[in-house]
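To start, the structure itself, in structure tokens.
The values are calculated or read from the model by the stated rules, or taken from the named source; none is laboratory data. All values derive from a computational prediction rather than experimental measurement. As a convention, Cβ positions derive from the backbone with ideal geometry for all residues, glycine included, and neighbour counts pool all protein chains shown.
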């Protein structure tokens with residue numbers, strides 16, 4: 001008559017494994033989303049830093065203010 005108790009134990013082990021699997025999936029997905037958020041924040045910080053350095057946002061790293069050397073060479 002101990003057979004039903006064995007089956008009950010196996011079911012709880014299976015339930016625990018399923019619960020652990022769901023937690024691991026949720027953790028992995030949340031870390032992926034967190035990585036995407038960190039990437040976007042890093043891009044925003046880099047964009048602001050470049051704008052402060054004189055680069056426009058929509059151009060390929062073209063300076064908005066000309067360095068003194070370029071201005072002198074164009075005047076000559």
> Taking residue 61 and the conditions (1) surrounded by fewer than 10 Cβ atoms within 10 Å (Cβ to Cβ); (2) modelled with pLDDT of 95 or more, which numbered condition does it fall short on, given that it satisfies the others?
Replying inline: (2)
> Can you name the residue in the stretch 34-58 that is in a loop (DSSP other than H, G, I, E, B) and surrounded by 10 or more Cβ atoms within 10 Å (Cβ to Cβ) and is also modelled with the highest pLDDT among such residues?
Replying inline: 53
